[in-house]
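Accompanying notes for the structure given below.
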Amino acid sequence: MEKDFNYYNTLLVQSVGSKVGPVAPTVVPSAAYGYTDAQEAEGIFAGEINKPLYARVGNPTNGKLESIVAKMEGGFGAIATASGMGALAMVTTALLKAGDEVLCIGGFFGGTYTLINETLRRFGIESSFCDVDDFTHMEKKLAAGVKMVLMESVGNPSLRLPDMKRIADLCNSYETLLVVDNTVTPLLVRPLELGADIVIHSSTKNMSGHSAALGGIAVFRAVKEEGDKLHNEKYKDLHPIIRKAGHKAFIPICKKRAIRDMGMTANAFGSFLTMLGLETLALRIERVNRSVAKVAEILEKSLPEGIEVKHPSLPRSEDYARYQLDFPNGCGPLLTLDCGTAERAFALLNALNLVTLTANIGDNRTLALHMESTIYSDFDAEIRRFLGVTEGLIRVSIGLEDPEEIAKDFLQASTYV
Ligand code: PLP
(Lines give C-alpha, C1' and ligand atoms only; values in the text may rest on other atoms or scores of the structure.)
Protein backbone atom coordinates (compact mmCIF):
# COMPACT_ATOMS: atom_id res chain seq x y z
CA MET A 1 0.00 0.00 0.00
CA GLU A 2 1.35 3.41 -0.92
CA LYS A 3 2.43 5.36 2.17
CA ASP A 4 0.57 8.57 1.36
CA PHE A 5 -1.48 10.76 3.69
CA ASN A 6 -4.53 8.48 3.14
CA TYR A 7 -2.49 5.53 4.36
CA TYR A 8 -1.40 7.41 7.50
CA ASN A 9 -4.86 8.79 8.26
CA THR A 10 -6.22 5.24 8.32
CA LEU A 11 -3.23 3.77 10.16
CA LEU A 12 -3.09 6.39 12.88
CA VAL A 13 -6.76 6.72 13.88
CA GLN A 14 -7.24 2.97 13.71
CA SER A 15 -4.14 2.28 15.84
CA VAL A 16 -4.75 4.94 18.50
CA GLY A 17 -8.40 3.99 19.06
CA SER A 18 -9.66 0.62 20.32
CA LYS A 19 -12.92 -0.90 19.05
CA VAL A 20 -13.66 -2.84 22.23
CA GLY A 21 -13.66 -1.37 25.76
CA PRO A 22 -12.31 2.16 26.23
CA VAL A 23 -12.00 3.72 22.79
CA ALA A 24 -9.37 6.32 23.77
CA PRO A 25 -5.96 5.01 24.97
CA THR A 26 -5.87 4.02 28.63
CA VAL A 27 -3.52 5.91 30.95
CA VAL A 28 -1.73 3.57 33.34
CA PRO A 29 0.07 5.87 35.77
CA SER A 30 1.32 3.23 38.22
CA ALA A 31 5.08 3.35 38.86
CA ALA A 32 5.19 -0.25 40.16
CA TYR A 33 3.53 -3.51 38.98
CA GLY A 34 2.72 -6.55 41.11
CA TYR A 35 3.93 -9.97 39.94
CA THR A 36 1.84 -13.14 40.23
CA ASP A 37 4.64 -15.06 41.92
CA ALA A 38 8.44 -15.20 42.27
CA GLN A 39 8.79 -17.21 39.07
CA GLU A 40 6.88 -14.59 37.12
CA ALA A 41 9.13 -11.86 38.57
CA GLU A 42 12.18 -13.83 37.44
CA GLY A 43 10.73 -14.27 33.94
CA ILE A 44 9.85 -10.57 33.61
CA PHE A 45 13.35 -9.48 34.68
CA ALA A 46 14.88 -12.00 32.23
CA GLY A 47 12.78 -10.51 29.41
CA GLU A 48 11.05 -13.87 28.86
CA ILE A 49 7.63 -12.71 30.09
CA ASN A 50 6.23 -9.62 28.43
CA LYS A 51 4.60 -7.81 31.37
CA PRO A 52 5.41 -4.45 33.02
CA LEU A 53 8.46 -4.59 35.30
CA TYR A 54 8.67 -1.08 36.76
CA ALA A 55 7.70 2.20 35.09
CA ARG A 56 11.30 3.41 34.66
CA VAL A 57 11.81 0.67 32.05
CA GLY A 58 8.38 0.87 30.42
CA ASN A 59 4.62 1.06 31.03
CA PRO A 60 1.55 -0.05 29.05
CA THR A 61 0.60 3.47 27.87
CA ASN A 62 4.12 4.09 26.56
CA GLY A 63 3.95 0.61 25.01
CA LYS A 64 0.91 1.53 22.93
CA LEU A 65 2.54 4.75 21.72
CA GLU A 66 5.73 2.83 20.89
CA SER A 67 3.94 0.25 18.77
CA ILE A 68 2.04 2.96 16.82
CA VAL A 69 5.14 5.05 16.06
CA ALA A 70 7.14 1.91 15.16
CA LYS A 71 4.43 1.06 12.59
CA MET A 72 4.31 4.65 11.35
CA GLU A 73 8.08 4.67 10.69
CA GLY A 74 8.18 1.10 9.33
CA GLY A 75 10.37 -0.01 12.26
CA PHE A 76 10.50 -3.14 14.36
CA GLY A 77 10.20 -1.51 17.79
CA ALA A 78 10.45 1.80 19.63
CA ILE A 79 11.17 3.32 23.02
CA ALA A 80 9.34 6.45 24.21
CA THR A 81 11.39 8.91 26.25
CA ALA A 82 10.87 11.96 28.46
CA SER A 83 11.82 14.38 25.65
CA GLY A 84 13.47 14.49 22.23
CA MET A 85 16.78 15.17 23.95
CA GLY A 86 16.06 12.13 26.14
CA ALA A 87 15.79 9.97 22.98
CA LEU A 88 19.06 11.37 21.60
CA ALA A 89 20.80 10.89 24.97
CA MET A 90 19.47 7.34 25.24
CA VAL A 91 20.61 6.27 21.78
CA THR A 92 24.06 7.88 21.96
CA THR A 93 24.90 6.70 25.48
CA ALA A 94 23.55 3.18 24.85
CA LEU A 95 25.53 2.65 21.66
CA LEU A 96 28.75 4.60 22.30
CA LYS A 97 31.53 4.52 24.86
CA ALA A 98 34.64 6.57 25.68
CA GLY A 99 37.07 6.53 22.76
CA ASP A 100 34.32 6.20 20.10
CA GLU A 101 33.62 8.89 17.54
CA VAL A 102 30.36 10.27 16.07
CA LEU A 103 30.15 11.95 12.66
CA CYS A 104 27.49 14.69 12.56
CA ILE A 105 26.20 15.77 9.15
CA GLY A 106 24.46 19.04 8.35
CA GLY A 107 22.67 21.56 10.56
CA PHE A 108 21.57 20.67 14.09
CA PHE A 109 19.17 21.86 16.74
CA GLY A 110 21.18 23.62 19.51
CA GLY A 111 20.52 20.97 22.19
CA THR A 112 21.75 18.17 19.93
CA TYR A 113 24.85 20.15 19.08
CA THR A 114 25.75 20.72 22.75
CA LEU A 115 24.91 17.10 23.68
CA ILE A 116 27.44 15.88 21.12
CA ASN A 117 30.02 18.63 21.26
CA GLU A 118 30.07 19.30 25.02
CA THR A 119 28.33 16.68 27.16
CA LEU A 120 29.42 13.50 25.37
CA ARG A 121 32.94 14.91 24.93
CA ARG A 122 33.19 15.22 28.73
CA PHE A 123 32.74 11.46 28.81
CA GLY A 124 35.39 10.80 26.16
CA ILE A 125 33.16 10.46 23.05
CA GLU A 126 34.70 12.37 20.15
CA SER A 127 32.84 13.99 17.27
CA SER A 128 33.24 15.89 14.04
CA PHE A 129 30.74 18.00 12.10
CA CYS A 130 30.50 18.50 8.34
CA ASP A 131 28.34 20.10 5.68
CA VAL A 132 25.48 17.99 4.20
CA ASP A 133 27.39 17.63 0.95
CA ASP A 134 30.93 17.12 2.28
CA PHE A 135 31.24 13.53 1.09
CA THR A 136 35.06 13.71 1.27
CA HIS A 137 34.92 14.26 5.04
CA MET A 138 32.21 11.59 5.42
CA GLU A 139 34.25 8.94 3.55
CA LYS A 140 37.39 9.84 5.49
CA LYS A 141 35.65 9.49 8.85
CA LEU A 142 33.79 6.31 7.87
CA ALA A 143 37.02 4.74 6.63
CA ALA A 144 38.68 5.69 9.94
CA GLY A 145 36.01 3.73 11.84
CA VAL A 146 33.47 6.19 13.32
CA LYS A 147 30.83 4.26 15.29
CA MET A 148 27.78 6.38 14.56
CA VAL A 149 26.59 8.91 11.99
CA LEU A 150 23.97 11.40 13.13
CA MET A 151 21.93 13.83 11.05
CA GLU A 152 18.66 15.72 10.96
CA SER A 153 16.30 15.00 8.03
CA VAL A 154 16.06 18.79 7.66
CA GLY A 155 18.55 21.00 9.47
CA ASN A 156 16.84 23.07 12.20
CA PRO A 157 17.18 26.05 11.61
CA SER A 158 19.64 25.80 8.68
CA LEU A 159 16.96 24.18 6.45
CA ARG A 160 19.72 22.30 4.59
CA LEU A 161 18.43 19.04 3.09
CA PRO A 162 20.74 16.03 3.13
CA ASP A 163 20.88 13.39 0.39
CA MET A 164 19.70 10.79 2.87
CA LYS A 165 19.79 7.81 0.50
CA ARG A 166 23.38 8.48 -0.57
CA ILE A 167 24.49 8.97 3.05
CA ALA A 168 22.65 5.80 4.17
CA ASP A 169 24.28 3.78 1.36
CA LEU A 170 27.67 5.09 2.42
CA CYS A 171 27.05 4.20 6.10
CA ASN A 172 25.89 0.73 5.08
CA SER A 173 28.96 0.14 2.94
CA TYR A 174 31.15 0.94 5.97
CA GLU A 175 28.91 -1.03 8.38
CA THR A 176 28.28 2.07 10.48
CA LEU A 177 25.12 2.95 12.38
CA LEU A 178 23.06 5.81 10.95
CA VAL A 179 20.74 7.71 13.30
CA VAL A 180 18.30 10.22 11.77
CA ASP A 181 16.42 12.86 13.75
CA ASN A 182 13.12 12.98 11.82
CA THR A 183 11.40 15.46 14.17
CA VAL A 184 10.76 18.05 11.46
CA THR A 185 9.49 15.60 8.80
CA PRO A 186 7.21 12.93 10.31
CA LEU A 187 5.29 11.14 7.48
CA LEU A 188 7.29 13.10 4.88
CA VAL A 189 10.48 11.03 4.97
CA ARG A 190 10.92 7.38 6.02
CA PRO A 191 14.59 7.11 7.00
CA LEU A 192 14.48 3.39 7.86
CA GLU A 193 13.29 2.61 4.32
CA LEU A 194 16.20 4.64 2.95
CA GLY A 195 18.69 2.56 4.96
CA ALA A 196 18.96 4.27 8.37
CA ASP A 197 19.11 2.13 11.52
CA ILE A 198 17.42 4.35 14.10
CA VAL A 199 14.92 7.21 13.77
CA ILE A 200 14.46 9.77 16.51
CA HIS A 201 11.62 12.22 17.09
CA SER A 202 10.95 14.96 19.53
CA SER A 203 7.24 14.16 19.86
CA THR A 204 6.86 17.56 21.55
CA LYS A 205 6.64 19.00 18.02
CA ASN A 206 4.25 18.12 15.15
CA MET A 207 3.59 14.62 16.43
CA SER A 208 1.65 16.15 19.34
CA GLY A 209 0.95 19.54 17.78
CA HIS A 210 -0.67 20.90 20.95
CA SER A 211 2.44 21.92 22.97
CA ALA A 212 0.91 20.05 25.93
CA ALA A 213 3.34 17.10 26.18
CA LEU A 214 7.13 17.03 26.26
CA GLY A 215 8.25 13.73 24.77
CA GLY A 216 10.58 11.85 22.49
CA ILE A 217 10.83 8.46 20.83
CA ALA A 218 13.45 6.31 19.11
CA VAL A 219 12.40 3.74 16.48
CA PHE A 220 14.62 0.79 15.60
CA ARG A 221 14.92 -1.67 12.75
CA ALA A 222 15.16 -5.40 13.44
CA VAL A 223 18.67 -6.83 13.81
CA LYS A 224 19.40 -9.40 11.08
CA GLU A 225 20.55 -12.87 12.04
CA GLU A 226 23.27 -12.86 9.37
CA GLY A 227 25.23 -10.03 7.82
CA ASP A 228 24.05 -7.29 10.18
CA LYS A 229 26.40 -4.32 10.57
CA LEU A 230 26.08 -4.69 14.35
CA HIS A 231 28.06 -7.95 14.01
CA ASN A 232 31.08 -5.87 12.97
CA GLU A 233 33.95 -6.08 15.50
CA LYS A 234 33.65 -2.36 16.26
CA TYR A 235 30.34 -3.09 18.02
CA LYS A 236 31.75 -6.02 20.01
CA ASP A 237 30.69 -4.64 23.41
CA LEU A 238 27.07 -5.02 22.18
CA HIS A 239 27.51 -8.62 21.01
CA PRO A 240 26.51 -10.34 24.29
CA ILE A 241 23.12 -8.55 24.21
CA ILE A 242 22.68 -9.29 20.49
CA ARG A 243 23.45 -12.99 21.03
CA LYS A 244 20.74 -13.15 23.69
CA ALA A 245 18.07 -10.86 22.20
CA GLY A 246 18.53 -11.57 18.45
CA HIS A 247 16.41 -9.41 16.14
CA LYS A 248 14.99 -7.43 19.11
CA ALA A 249 18.46 -6.39 20.31
CA PHE A 250 18.17 -2.61 19.91
CA ILE A 251 15.48 -2.56 22.64
CA PRO A 252 17.52 -4.23 25.44
CA ILE A 253 20.65 -2.37 24.28
CA CYS A 254 18.86 0.95 24.96
CA LYS A 255 16.96 -0.22 28.03
CA LYS A 256 19.90 -1.90 29.77
CA ARG A 257 22.61 0.56 28.76
CA ALA A 258 20.68 3.84 29.14
CA ILE A 259 17.04 3.80 30.33
CA ARG A 260 17.59 1.50 33.32
CA ASP A 261 20.53 3.50 34.65
CA MET A 262 19.67 7.06 33.60
CA GLY A 263 15.86 7.00 33.58
CA MET A 264 15.02 9.24 30.61
CA THR A 265 11.67 7.41 30.45
CA ALA A 266 8.38 8.83 29.10
CA ASN A 267 5.49 9.25 31.53
CA ALA A 268 2.10 7.68 30.85
CA PHE A 269 0.10 10.91 30.74
CA GLY A 270 2.58 12.49 28.31
CA SER A 271 2.33 9.42 26.06
CA PHE A 272 -1.48 9.59 26.20
CA LEU A 273 -1.41 13.24 25.09
CA THR A 274 1.05 12.39 22.31
CA MET A 275 -1.34 9.70 21.02
CA LEU A 276 -4.18 12.25 20.92
CA GLY A 277 -1.95 14.32 18.65
CA LEU A 278 -0.99 11.33 16.50
CA GLU A 279 -4.62 10.68 15.54
CA THR A 280 -4.69 13.84 13.45
CA LEU A 281 -1.02 13.98 12.44
CA ALA A 282 -1.53 13.17 8.76
CA LEU A 283 -4.29 15.78 8.35
CA ARG A 284 -2.17 18.44 10.05
CA ILE A 285 1.07 17.60 8.24
CA GLU A 286 -0.64 17.78 4.84
CA ARG A 287 -2.14 21.20 5.62
CA VAL A 288 0.96 22.68 7.27
CA ASN A 289 3.24 21.66 4.41
CA ARG A 290 0.94 23.19 1.82
CA SER A 291 0.80 26.36 3.91
CA VAL A 292 4.59 26.65 4.40
CA ALA A 293 5.23 26.68 0.65
CA LYS A 294 2.40 29.17 0.14
CA VAL A 295 3.57 31.53 2.92
CA ALA A 296 7.17 31.33 1.61
CA GLU A 297 5.95 32.20 -1.90
CA ILE A 298 3.88 35.20 -0.72
CA LEU A 299 6.69 36.52 1.51
CA GLU A 300 9.27 36.05 -1.27
CA LYS A 301 7.14 38.28 -3.52
CA SER A 302 6.09 40.92 -1.01
CA LEU A 303 8.63 41.38 1.80
CA PRO A 304 10.58 44.66 1.59
CA GLU A 305 14.21 44.59 0.50
CA GLY A 306 16.54 43.65 3.36
CA ILE A 307 14.38 40.80 4.70
CA GLU A 308 15.08 37.47 3.05
CA VAL A 309 12.79 34.46 3.32
CA LYS A 310 14.49 31.07 3.14
CA HIS A 311 12.75 27.80 2.29
CA PRO A 312 13.81 24.89 0.04
CA SER A 313 10.57 25.22 -2.01
CA LEU A 314 11.78 28.56 -3.40
CA PRO A 315 13.51 28.08 -6.79
CA ARG A 316 16.56 30.16 -5.74
CA SER A 317 17.19 27.86 -2.71
CA GLU A 318 20.44 25.87 -2.80
CA ASP A 319 18.45 22.69 -2.01
CA TYR A 320 15.57 23.31 -4.45
CA ALA A 321 16.45 20.31 -6.66
CA ARG A 322 16.70 17.98 -3.65
CA TYR A 323 13.42 19.34 -2.30
CA GLN A 324 11.67 18.59 -5.59
CA LEU A 325 13.12 15.09 -5.77
CA ASP A 326 13.12 13.83 -2.17
CA PHE A 327 10.45 15.89 -0.39
CA PRO A 328 7.42 15.80 -2.72
CA ASN A 329 4.99 16.50 0.16
CA GLY A 330 7.11 19.19 1.84
CA CYS A 331 9.97 19.33 4.34
CA GLY A 332 8.18 20.32 7.53
CA PRO A 333 6.80 23.42 9.23
CA LEU A 334 9.90 25.64 9.23
CA LEU A 335 10.96 28.61 7.18
CA THR A 336 13.35 31.38 8.17
CA LEU A 337 13.52 35.13 7.73
CA ASP A 338 16.87 36.88 7.71
CA CYS A 339 16.42 40.51 8.72
CA GLY A 340 20.12 41.40 8.56
CA THR A 341 20.59 42.51 12.18
CA ALA A 342 19.23 41.53 15.59
CA GLU A 343 17.61 44.98 16.03
CA ARG A 344 15.65 44.59 12.81
CA ALA A 345 14.64 41.02 13.76
CA PHE A 346 13.43 42.22 17.18
CA ALA A 347 11.41 45.03 15.54
CA LEU A 348 9.67 42.53 13.27
CA LEU A 349 8.98 40.01 16.06
CA ASN A 350 7.60 42.69 18.38
CA ALA A 351 5.14 43.87 15.74
CA LEU A 352 3.56 40.43 15.12
CA ASN A 353 -0.08 40.03 16.18
CA LEU A 354 -1.09 36.48 15.26
CA VAL A 355 2.24 34.71 15.74
CA THR A 356 3.36 33.33 19.13
CA LEU A 357 6.96 33.97 20.22
CA THR A 358 8.26 30.77 21.78
CA ALA A 359 11.12 28.24 21.64
CA ASN A 360 9.01 25.37 20.30
CA ILE A 361 8.38 24.25 16.69
CA GLY A 362 5.72 22.05 15.05
CA ASP A 363 2.85 23.57 17.02
CA ASN A 364 -0.69 23.93 15.66
CA ARG A 365 -0.14 27.68 16.07
CA THR A 366 2.42 29.64 14.06
CA LEU A 367 5.52 30.33 16.16
CA ALA A 368 8.59 32.52 15.70
CA LEU A 369 11.86 33.16 17.53
CA HIS A 370 15.10 35.08 17.04
CA MET A 371 17.80 32.42 17.01
CA GLU A 372 21.04 34.18 17.96
CA SER A 373 19.73 35.81 21.18
CA THR A 374 17.92 32.68 22.45
CA ILE A 375 18.75 29.01 21.67
CA TYR A 376 22.18 29.89 20.26
CA SER A 377 23.10 32.73 22.66
CA ASP A 378 25.99 30.88 24.27
CA PHE A 379 27.41 29.46 21.01
CA ASP A 380 30.50 31.07 19.56
CA ALA A 381 30.34 32.89 16.26
CA GLU A 382 32.08 30.20 14.20
CA ILE A 383 29.71 27.47 15.37
CA ARG A 384 26.70 29.70 14.76
CA ARG A 385 27.94 30.27 11.22
CA PHE A 386 28.30 26.52 10.68
CA LEU A 387 24.75 25.95 11.98
CA GLY A 388 23.37 28.66 9.67
CA VAL A 389 22.47 31.03 12.54
CA THR A 390 23.03 34.56 11.25
CA GLU A 391 22.61 37.70 13.37
CA GLY A 392 19.20 38.64 11.97
CA LEU A 393 17.75 35.13 11.67
CA ILE A 394 14.16 34.44 12.77
CA ARG A 395 12.93 30.84 12.73
CA VAL A 396 9.25 30.50 11.87
CA SER A 397 7.18 27.36 12.42
CA ILE A 398 3.98 27.48 10.40
CA GLY A 399 0.74 26.34 12.04
CA LEU A 400 -2.82 25.55 11.01
CA GLU A 401 -4.10 29.13 10.62
CA ASP A 402 -5.15 30.49 7.22
CA PRO A 403 -1.82 30.83 5.31
CA GLU A 404 -2.97 34.15 3.84
CA GLU A 405 -3.49 35.50 7.38
CA ILE A 406 -0.07 34.22 8.50
CA ALA A 407 1.65 35.92 5.56
CA LYS A 408 -0.36 39.10 6.18
CA ASP A 409 0.88 39.24 9.79
CA PHE A 410 4.54 38.97 8.71
CA LEU A 411 4.02 41.58 5.97
CA GLN A 412 2.42 44.12 8.32
CA ALA A 413 5.19 43.48 10.91
CA SER A 414 7.87 43.99 8.25
CA THR A 415 6.78 47.61 7.91
CA TYR A 416 8.12 48.24 11.45
CA VAL A 417 11.65 47.04 10.55
N1 PLP B 1 15.49 17.50 17.62
C2 PLP B 1 15.02 18.55 16.98
C3 PLP B 1 15.16 18.63 15.49
C4 PLP B 1 14.42 19.60 17.68
O5 PLP B 1 13.95 20.68 17.02
C6 PLP B 1 14.30 19.50 19.09
C7 PLP B 1 13.68 20.59 19.89
O8 PLP B 1 13.48 21.70 19.43
C9 PLP B 1 14.81 18.37 19.72
C10 PLP B 1 15.37 17.36 18.96
C11 PLP B 1 14.71 18.21 21.21
O12 PLP B 1 13.42 17.86 21.58
P13 PLP B 1 12.80 18.13 23.04
O14 PLP B 1 12.62 19.61 23.16
O15 PLP B 1 11.52 17.35 23.01
O16 PLP B 1 13.79 17.60 24.02
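Over the stretch 5-278, what is the percentage of antiparallel beta bridges among all DSSP beta bridges, to the nearest 5?
Values: 12 of 29 bridges.
Rounded to the nearest five, the antiparallel share is 40 percent.
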Using the crude model of +1 on Lys and Arg Cβ and -1 on Asp and Glu Cβ, and no other charge, please compute the dipole size for the stretch 104-181 relative to its Cα centre, in debye to 20.
180 debye
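Please list 322-331, 288-297 highest first by mean number of surrounding beta-carbon atoms within 10 Å per residue.
Working: 322-331: 17.5, 288-297: 20.6.
Output ranking for 322-331, 288-297: 288-297, 322-331.
Please give the length that would be gained between Ala222 and Asn329 if that part of the chain were fully extended, namely 0.36 nm times their separation in residues minus their C-alpha to C-alpha distance (nm, one decimal).
On the way: separation 107, 0.36 × 107 = 38.52 nm, distance 2.76 nm.
Additional length available on full extension: 35.8 nm.
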In what sequence, highest mean first, do 358-368, 390-400 appear when ranked by Cβ atoms within 10 angstrom?
390-400, 358-368
For a quick protection proxy, order the peptides 340-352, 87-99, 11-23 by their average other-Cβ count within 10 Å, most packed first.
87-99, 340-352, 11-23
Selection from Leu276, Val154, Ala55, by position along the positive dipole direction of the chain (Cβ)
Ala55
From the square roots a ≥ b ≥ c of the eigenvalues of the alpha-carbon gyration tensor of the stretch 84-158, which class results: rounded (a/c under 1.5), prolate (a/b over b/c), or oblate?
oblate
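May I ask you to list, by number, the DSSP H helices of the chain whose Cα span along the axis is at least 30 Å and whose average Kyte-Doolittle hydropathy reaches -1.0 or more? Provide the component values of the computation, followed by the final result.
Details: long enough: 281-302 (31 Å, 0.07).
Counting only whole DSSP H runs, the qualifying helices are 281-302.
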Which whole-angstrom value gives the distance between the alpha carbon centres of the stretch 226-304 and the stretch 56-120?
7 Å
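Just to be sure I follow: if Rg is taken over the C-alpha atoms of the stretch 132-213 and Rh is the Kirkwood radius over the same atoms, what is Rg/Rh?
Values: Rg = 13.5 Å, Rh = 13.4 Å.
When Rh is taken as the Kirkwood radius, the ratio is 1.01.
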Once the piece of chain linking Glu405 and Arg260 is laid out straight, how much longer is it, given 0.36 nm per residue of separation minus the C-alpha distance between them?
47.4 nm
From the helices alone, meaning DSSP H stretches of at least four residues, give me the mean residue ellipticity at 222 nm for the chain, per-run term -39500 (n - 2.57), in deg cm²/dmol to the nearest 500.
-10500 deg cm²/dmol
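Using only C-alpha atoms and all pairs of different ones, pull out the Kirkwood radius for the chain in Å with one decimal. Each step should come with its number before you reach the end.
Numbers: mean 1/r = 0.0452 Å⁻¹.
Here the Kirkwood hydrodynamic radius works out to 22.1 Å.
Please compute the length gained on full extension between Asp378 and Thr341, using 0.36 nm multiplied by the number of residues separating them and subtracting their Cα-Cα distance.
Numbers: separation 37, 0.36 × 37 = 13.32 nm, distance 1.76 nm.
Working it through step by step, the gained length comes to 11.6 nm.
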When the accessible area of the stretch 84-137 is split by element with a 1.4 Å probe, what percent falls to carbon and sulfur?
55 percent
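What does the charge dipole of the stretch 218-307 about its Cα centre add up to, to the nearest 20 debye, if the Cβ of each Lys and Arg holds +1 and the Cβ of each Asp and Glu holds -1?
Values: 17 positive and 11 negative charges, 95 e Å.
Magnitude of the dipole: close to 460 debye.
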Computed over the stretch 5-278: relative contact order in percent, which uses C-alpha pairs under 8 Å that are six or more apart
26 percent
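Tell me, what is the per residue accessible area of the chain in Å², probe radius 1.4 Å?
Working: 17360 Å² over 417 residues.
Heavy-atom accessible area per residue stands at 42 Å².
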For the stretch 382-389, in order, what is each residue's ³J(HN,Hα) by Karplus, 6.51 cos²θ - 1.76 cosθ + 1.60 with θ = phi - 60°, in whole Hz (x at glycine and Pro)?
5, 5, 4, 4, 4, 7, x, 9
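Leaving ligands, DNA and RNA out of it, report the carbon-plus-sulfur percent of the accessible area of the stretch 148-287 at a 1.4 Å probe.
The nonpolar share, carbon plus sulfur, comes to 54 percent.
The values are calculated or read from the model by the stated rules, or taken from the named source; none is laboratory data. Remember, predicted model here, so these are calculated numbers, not experimental data. Quick reminder, even Gly has a Cβ in these numbers, built from the backbone with ideal geometry, and neighbours come from all protein chains shown. To get the accessible areas, we keep the full protein, side chains included, count just its heavy atoms, and leave off ligands, DNA and RNA. Shrake-Rupley method; radii C 1.70, N 1.55, O 1.52, S 1.80 Å.
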